[in-house]
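Reading through the C-alpha cells given below for one structure.
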Amino acid sequence: AIQNNINVTGSIDLADLLNPDYALGLKGENISLTSSYDYFQGAGDININITGRDTVRIKGQLIPEPYDFTITTLESDKSIYIPKIYTNRIISYDLHVPINEPIRLTTDNINILFEGDMNISKIDEKHFNFSGKAEIIDGSFYDNQGNIFQNTNGTILLSPVDNIPYIDIHAQTMIDTL
C-alpha cells in the first residue's frame, strides 16, 4: 500500500528563473534519511521550512527513529562546495534534533547508543556547528593502542563556538598483566 508519508506545501516563485524565491514547508513521517557522504542513515520524522531567495533559510526539526537511525562517521572535512559563479545565494541551516530515545553511533572504532538534544547550524560555506547535549547510554570503543573499552556511559556537551566538545565518559577495559 502506498503511504503518503511526506507532504510539501508552499510555493516557489520562478519569476527570476535562476534565482527562485522559496516558501516551502516539508513534513514527513517515517521517511528514509541518508547522507550522500555517508554521515548517517535511517528513518525519522522531519518538519522543515525552506524560505528566501538570496539568503535561503533551512530551519526545522529532524527527529531520528529510535534504534533505526545510525550516524556512521564523525568526519567533518567532506562538504559540498558550490562555486559562487553558479549562485550568489547564501544558505543558512538551523536544525533541531531531539533524540528522546537512543540512536546508534557506529564508526571504525566506536559503537555506542546515545540520546540527547542537539542543534545543527551552518551559514554559507562555513563548517557545520553542533550544540547541545548527548547522553551515552551504552556501547564500546577502541583507542589507538587496541584497547577495547566497554560498558560505556557518560555525557558529551557540544559547544557551537569552537566545535570542541566536553566529554565525561565512564568505561571499562581489561589491562593485560603479562
I want the antiparallel fraction of DSSP beta bridges within the chain, as a percent rounded to 5.
90 percent
Considering the options ILE31, ILE91, ILE112, tell which one lies farthest towards the positive end of the dipole of the chain, charges being +1 on Lys and Arg and -1 on Asp and Glu at the Cβ, about the Cα centre.
ILE91
Just the number, please: carbon plus sulfur as a percent of the accessible area of the chain, 1.4 Å probe, no ligands or DNA/RNA counted.
53 percent
Over the chain, what is the relative contact order in percent, taking alpha-carbon pairs closer than 8 angstrom and at least six residues apart?
12 percent
Simple spin-label estimate for LEU14 and GLU135 in nanometres, 7 Å along Cα-Cβ:
4.9 nm
Give the separation of the Cα centroids, region 116-174 to region 1-53, in Å.
28 Å
Size of charge dipole - the chain - debye, nearest 20, with Cβ of Lys, Arg +1 and Asp, Glu -1, no other charges:
540 debye
Could you list the trypsin sites (Lys or Arg not before Pro) in region 90-144 that lie in coil according to DSSP, counting only those with at most 11 other Cβ atoms within 10 Å of their Cβ?
LYS126
Under unit Cβ charges (Lys, Arg +1; Asp, Glu -1), what dipole magnitude, rounded to 20 debye, does region 83-178 have relative to its Cα centre?
460 debye
Using 0.36 nm times the number of residues separating ASN153 and TYR37, minus their current alpha carbon distance, what extension gain do you get?
39.0 nm
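What does the charge add up to near ASP45, with Lys and Arg as +1, Asp and Glu as -1, over the other residues with Cβ less than 13 Å from its Cβ?
Within the 13 Å Cβ shell, the charges total -3.
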Based on a Kirkwood Rh over C-alpha pairs, give the Stokes-Einstein translational diffusion coefficient of the chain at 20 °C and viscosity 1.002 mPa s in µm²/s.
116 µm²/s
Along the positive direction of the dipole of the chain (beta-carbon charges: Lys, Arg +1; Asp, Glu -1; about the Cα centre), which of ASN163, PHE128, GLY44 reaches farthest?
PHE128
Which three semi-axes in whole Å describe the equivalent ellipsoid of region 22-72, each the square root of 5 times a Cα gyration tensor eigenvalue, listed largest first?
23, 13, 7
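The values are calculated or read from the model by the stated rules, or taken from the named source; none is laboratory data. Predicted model only: the values in this text are computed from it and were never measured. Using ideal geometry, Cβ is built from the backbone for each residue, glycine included, and neighbour counts are taken over all protein chains shown. Protein only, heavy atoms only, side chains kept; ligands, DNA and RNA dropped before computing areas. Shrake-Rupley method; radii C 1.70, N 1.55, O 1.52, S 1.80 Å.
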